[in-house]
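Q: Next up is a structure, given as structure tokens.
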Amino acid sequence: MMNNPNHKVILPPKTVGILGGGQLGRMMAIAAKEMGYRTAVMEPAEDSPCAQVSDEEVVAGYADRDGAARLANVSDVLTFEFENIDGDTAEHLASSMYLPQGSSLLQITQDRKKEKEAIEAEGVPVAPWASIDSKAELDAAITRIGLPAVIKTTRGGYDGKGQAVLRETADAASAWRDLEGKGPFVLEAFIPFVTEISVIVSRGTNGDMTTFPVAENIHVNNILHQSIVPARVPQDVQAKAEDLARTLAESLGMIGTLAVEMFVTAEGGLYVNELAPRPHNSGHYTINACNVSQFAQHIRAICGLPLIEPELLKPVVMVNLLGEHMDGALAQMPIRARAHWHLYGKHEARPGRKMGHVNILTDHIPDTLEDLKSWGIWSHT
Ligand code: AMP
């Protein structure tokens, strides 16, 4: 089936151009290079994680059309590693250059309100929510939705930034003081989840679609800390999660990669929390534990190659390395024979900044989780 009028087969040594130079771009570029493609990157700062492994580097801001034109000039296909490219620039790129992913999904996932509407339109559950533009609307929404609830900015929030949990009525006033002017917002019911999971769907320009095994995700301070695969969630719930993710990918006309984050309740109910139209931190385990990585699959999808049906070759724990973990990680590197280290080449190890991750393949997840506590890297593990 060919569902994309732009379907083209791009073969090596053609050039894959990547908008955004962070770790996701770096891992896309590495996957592309393994297959024999050339790579180019556009990023405002020089020597970015992606530029370090790319053939061509365009130093320009994400909204710089001249920069994008320079990237397009040296590229045969464009992709993005970063969803906050402004809407006009994305539309311009999609209409004037070969960006098989298009720009509409990017624009939906940049806005929590549009994202929830798109998810609900497919009959996929999200937490009960309301759109908020004023303190009066916040108060009315609290009455309707109840507490606890979470207020989030509709745009620009990530890793828990731009949001606040409201536990009692009095929290509304202080949250509003902190957030006023950063709106619009949504208010969501707080879902008493037992587990957070994610599904990564890949979909090619030729209509091929695959999902990677469900990851169980543990967040610390709202930042992903660990992914555990297989997820410790019943099989039927995992199958339902994969189905929901495929439904969303197909209905949104997604090309490339979509990460679908979900909450699982004690009764096995699923609520979609967030979509990301790109490879995702919770899919980093695939690099070592699957027969194809999320990055290689993404390159295949946008280059019009058939997708590989993903298989988990071995259970795995992925743990993130933030700035504050780097000294510990470097101390462990010489002595941990089973650890697959992935460092992103960032020069400054600021606290909370994603610097790398480590994948540990294992026959026994509980032992591995216990063993990680003795590595002395993560104080909260
Ligand atoms: P987000 O930025 O929307 O991905 O939220 C960051 C984290 O906050 C999530 O991974 C959850 O751990 C928590 N969280 C966000 N929204 C909710 C909610 N409606 N109910 C429960 N926990 C939430």
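Rule-based calculations on the coordinates, nothing more; no lab input. All values derive from a computational prediction rather than experimental measurement. Ideal geometry is used to build each Cβ from the backbone, glycine not excepted, and the neighbour counts take in all protein chains shown.
Q: Dipole magnitude of the chain about its Cα centre, charges +1 at Lys/Arg Cβ and -1 at Asp/Glu Cβ only, in debye to the nearest 20?
A: 360 debye
Q: Ok, one more. Would you mind estimating how fast the chain diffuses translationally, via Stokes-Einstein at 10 °C and 1.306 mPa s with the Kirkwood radius over Cα pairs, in µm²/s?
A: On the way: Rh = 21.5 Å.
D, rounded to a whole number, is 74 µm²/s.
Q: How many nm is it between the label spots at ASN221 and ARG338, if each spot is 7 Å from the Cα in line with the beta carbon?
A: Output for this residue pair reads 2.9 nm.
Q: Over what distance in Å are the Cα centres of the stretch 190-238 and the stretch 135-166 separated?
A: What the calculation gives is 24 Å, centre to centre.
Q: When the convex hull of the Cα atoms of the stretch 310-357 is projected onto a plane and the area is averaged over all directions, what value comes out in nm²?
A: Computing the convex hull of the Cα atoms and averaging its projections yields 4.2 nm².
Q: At a Förster distance of 22 Å, what's the computed FRET efficiency of SER379 paired with LEU147, Cβ-Cβ distance as r, to 0.05? The partial results should precede the final answer.
A: On the way: r = 31 Å, r/R0 = 1.41.
Working from the Cβ atoms, E equals 0.10.
Q: Largest first and in whole Å, give the semi-axes of the stretch 15-99's equivalent ellipsoid, each being the square root of 5 times a Cα gyration tensor eigenvalue.
A: Working: eigenvalues 67, 36, 23 Å².
For the stretch 15-99, the ellipsoid semi-axes come out as 18, 13, 11 Å.
Q: OK, next. Could you tell me what a quarter of the Cα convex hull surface of the stretch 135-259 works out to, in nm² with one decimal place?
A: Average of the hull's projected areas for the stretch 135-259 equals 9.2 nm².
Q: Here's another thing I want to ask about it. With Kirkwood's inverse mean 1/r over C-alpha pairs for Rh, give me the Rg to Rh ratio of the stretch 145-212, two decimals please. Intermediate values should be presented prior to the final figure.
A: Details: Rg = 16.7 Å, Rh = 14.4 Å.
Rounded to two decimals, Rg over Rh is 1.16.
Q: Tell me the mean residue ellipticity at 222 nm calculated for the chain from its helices only (DSSP H runs of n ≥ 4, each -39500 (n - 2.57), averaged over every residue, nearest 500).
A: -8500 deg cm²/dmol
Q: Related question: Would you pull out the residues with amide H under 5 Å of LEU321's amide H, same chain only if 5 or more places away, H placed 1.01 Å from N?
A: Here the answer is MET355, GLY356, HIS357, VAL358, since their amide H atoms fall under 5 Å of that of LEU321.
Q: Determine ³J(HN,Hα), in whole Hz, for all residues of the stretch 169-177 in sequence, where each value follows from phi through the Karplus function 6.51 cos²θ - 1.76 cosθ + 1.60 and θ = phi - 60°; x replaces Gly and Pro.
A: 3J(HN,Hα) across the stretch 169-177, in whole Hz: 3, 4, 5, 4, 5, 6, 4, 5, 4.
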